[in-house]
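Here's the structure, in structure tokens; my notes come after.
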Amino acid sequence: MTRLEHRLHELTVGQLAERSGVAVSALHFYESKGLISSRRTAGNQRRFSRDTLRRVSFIKVSQRVGIPLSDIRDALGTLPEERTPTVDDWARLSENWRTALDDRIRQLERLRDDLTDCIGCGCLSINKCALANPYDRLGDEGPGPRRLLVRHGTSGRPPADDRAVRDAPNPCHADACPTD
């Protein structure tokens, strides 16, 4: 490729930042983590191929829905280096994340719906917890907000033996709920 062709088909880091809406420092970080790559000019300046703009957009959208950078890097690693990724390439990547995103959606819906109720943290410091989680049964599953956690690779439903505890109506929805 001639110098003129390079200029027409490549972006400086500043141009890429402007076009993508991502800070130059973030682009340097993405490059250091292997998410994007550049070539260096004779003056040691970065030059990015134009398809890097699409990759940066994909990174931004993926991060926004909570995909870890390591998963994004692995996915981008499956894309062809010799050509701009196609719509089919992007569709394949997003389909691979569908189950994880569905799990995350269920977790967020549960958080939204149960935000003001017992989250199963095992604190037992509030009178409500003794009613919603008697004898700290949810604590037997492990630490953390047991009602709100979604296990990866499952339907998001609790194990059968704990469904009675989780699916029981929360007694704190009644007007007779004890106060703290």
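Give the number of residues within the stretch 14-57 that are surrounded by fewer than 16 Cβ atoms within 10 Å (Cβ to Cβ) and outside any helix (DSSP H, G or I).
Result for the stretch 14-57: 13.
Does any residue of the stretch 136-151 turn out to be at pLDDT below 70 and among the charged types (D, E, K, R)?
Among the residues of the stretch 136-151, at least one is at pLDDT below 70 and among the charged types (D, E, K, R), which makes the answer yes.
Restricting to the stretch 68-107, what's the tally of residues that are under 16 Å from ARG50 (Cβ atoms) and open to solvent by 60 Å² or more (accessible area, probe 1.4 Å)?
Residues in the stretch 68-107 being under 16 Å from ARG50 (Cβ atoms) and open to solvent by 60 Å² or more (accessible area, probe 1.4 Å): 4 in total.
Filter the stretch 58-67 down to the residues that are open to solvent by less than 70 Å² (accessible area, probe 1.4 Å) and either in contact (Cβ under 8 Å) with a residue 40 or more places away in the chain or under 9 Å from the mean Cα position of the chain (by Cα) (or both) and list them by number.
From the stretch 58-67, those open to solvent by less than 70 Å² (accessible area, probe 1.4 Å) are 58-59, 62, 65-67; that's our starting set.
SER62, VAL65, GLY66, ILE67, listed by residue number.
Looking at the stretch 87-99, which of its residues are at pLDDT below 85 and either under 11 Å from the mean Cα position of the chain (by Cα) or closer than 23 Å to GLU10 by Cβ (or both)?
The answer is TRP90, and nothing else.
The values are calculated or read from the model by the stated rules, or taken from the named source; none is laboratory data. Worth saying up front: this structure is predicted, and the values here are computed from it rather than measured. As a convention, Cβ positions derive from the backbone with ideal geometry for all residues, glycine included, and neighbour counts pool all protein chains shown. Each accessible area value is taken on the protein alone, full model and side chains, heavy atoms only, with ligands, DNA and RNA left out. Shrake-Rupley method; radii C 1.70, N 1.55, O 1.52, S 1.80 Å.
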